[in-house]
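I have placed the structure first, in the form of structure tokens, so that the comments after it can refer back to it.
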Amino acid sequence: MHELGITQNIVAIVAENAKGTKVKRVLLEIGKLSAISYDAIRFCFDICSQGTVLEGAILEISEIQGLAKCPECGAEIILAKPFGRCECGCLQLNLIAGEELKIKEIEIEELCV
């Protein structure tokens, strides 16, 4: 399960950027073509965040649709798999989106002084 290593890295990056402040929410963008299981990330997030500033944080995941461009006719095609065929018959599509994994937002607690 490569999601465990991915989630450990996410927690480490968010914790570093939070600089010791409690994290309330994390928003990830994960491409549909990335071969990453959202359920596994959620499960691992709960485990990996224990004892860190992320413990108890809400994890939100936004799915990024697979998208490719046809080099023959220029059409953009939505993909459910990392391959496909354009309506013009071309099979050599250029992937535009769908493989990414981004930490899009983190929300931290406000400190009132």
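Please treat every number below as a calculation from the coordinates, not as lab data. Note that the structure is a prediction, hence the values are computed from the model and not measured. Note that each Cβ is placed from the backbone with ideal geometry, even for glycine, and that neighbours are counted across all protein chains shown.
If you place +1 on the Cβ of every Lys and Arg, -1 on the Cβ of every Asp and Glu, and leave all else neutral, what size is the dipole of the chain about its Cα centre, to the nearest 20 Debye?
On the way: 11 positive and 17 negative charges, 25 e Å.
I would put it at about 120 debye.
Tell me the mean residue ellipticity at 222 nm calculated for the chain from its helices only (DSSP H runs of n ≥ 4, each -39500 (n - 2.57), averaged over every residue, nearest 500).
On the way: 2 runs with 27 residues, N = 113.
When only DSSP H runs of four or more count, the value is -7500 deg cm²/dmol.
To test your reading of the geometry: what angle, between 0 and 90 degrees and rounded to tens, separates the Cα axis of helix 38-48 from the longest principal axis of the chain?
With rounding to tens, the tilt is 20 degrees.
Would you mind checking the tilt of helix 3-18 against the longest principal axis of the Cα atoms of the chain, expressed as 0 to 90 degrees and rounded to 10?
With rounding to tens, the tilt is 60 degrees.
Averaging over every viewing direction, what projected area does the convex hull of the Cα atoms of the chain cover, in nm²? Please list the in-between numbers first.
Details: hull surface 33.4 nm².
The Cα convex hull of the chain, projected and averaged over all directions, gives 8.3 nm².
Among DSSP beta bridges lying fully in the chain, give the percent that are antiparallel, nearest 5.
Values: 14 of 21 bridges.
Among the beta bridges of the chain, antiparallel pairing accounts for roughly 65 percent.
Could you tell me the relative contact order of the chain? Use alpha-carbon pairs under 8 Å, at least six residues apart, and round to a whole percent. Can you show the working numbers first?
On the way: 205 pairs, mean separation 40.0, N = 113.
The normalised contact order for the chain reaches 35 percent.
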